[in-house]
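The values are calculated or read from the model by the stated rules, or taken from the named source; none is laboratory data. Predicted model, so just to flag it, every value in this text is computed and none were measured. Cβ coordinates were reconstructed from backbone atoms using ideal geometry, including for glycine residues, and neighbour counts include every protein chain displayed.
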Amino acid sequence: MADKRKFITVKEKLDIIKSIESGIRKSEIAKRKSLAKTTVSTIWSNRQKIKLASENKSQKIKKIRNPVRQDVGQALLRWFEIRRSENTAISGPVMRAKAEDLSRGLQGDDFKCSTGWLGRFKTRHNINFGKVSGEVGDVNRQVVLKWLDDKWPGISKNYSSENIFNGDETGLFYRMTPDRTLKFRGEKCVGGKQSKLRYTV
């Protein structure tokens, strides 16, 4: 017995319409699909509406939303590629400010770079955050070991062990750039020379 309450998708309805158009009888289709004959007849009667609805749905799926201010996006991408080739650390706020700066040199309405616009830009171009690695081999460990072997014994022999203290100092590098940056996905993130201006603490 056919189930009159069976849910039928648009695709199934289109298949039924195509079957009838190919010459298969409605009663035969109803039997194959376990549907009531009246259901098949109703689908056939509404075939134009069903086809139109299917076309509209297909167009909505295929429609691609063009990004707002593509010219700004292209200019920003070129700027980003240059800055990353120089190992410059770049943050989200810096990119937003640069996008607005670039827009002023291009024709069009005033452009405000929102967090959403920048997020879609990063997704389109595979840009994400990454940790900047320090300069490899900046300290020569062999020099340190040689000093401990050659110089330290002569210095330390003049003092008893209870009068030898370990003191550390640290530098406050107030002009150093951030250690995280936006980068292309998969890009090796290596930092360049950092500013050496500092206070010693």
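Here are a few things to note about the model shown:
- Condition met for residue 179 (closer than 30 Å to residue 80 by Cβ and at pLDDT 65 or above): no
- Some residue of the stretch 57-65 being farther than 30 Å from residue 124 by Cα, small (Gly, Ala, Ser) and either at pLDDT below 85 or out of contact with any strand residue (DSSP E or B) (no Cβ under 8 Å at 6 or more places or on another chain) (or both): no
- Filtered by the rule that a residue be in contact (Cβ under 8 Å) with a residue 40 or more places away in the chain and of a type in the set (S, T, N, Q), the stretch 70-117 gives 87, 88, 91.
- Candidates are the residues of the stretch 88-116 that are in a loop (DSSP other than H, G, I, E, B) and hydrophobic (A, V, I, L, M, F, W, C); the one that is farthest from residue 70 (Cα to Cα) is 89.
- Residues of the stretch 75-87 classified as assigned to a loop (DSSP other than H, G, I, E, B) and either at pLDDT 80 or above or charged (D, E, K, R) (or both), total: 1
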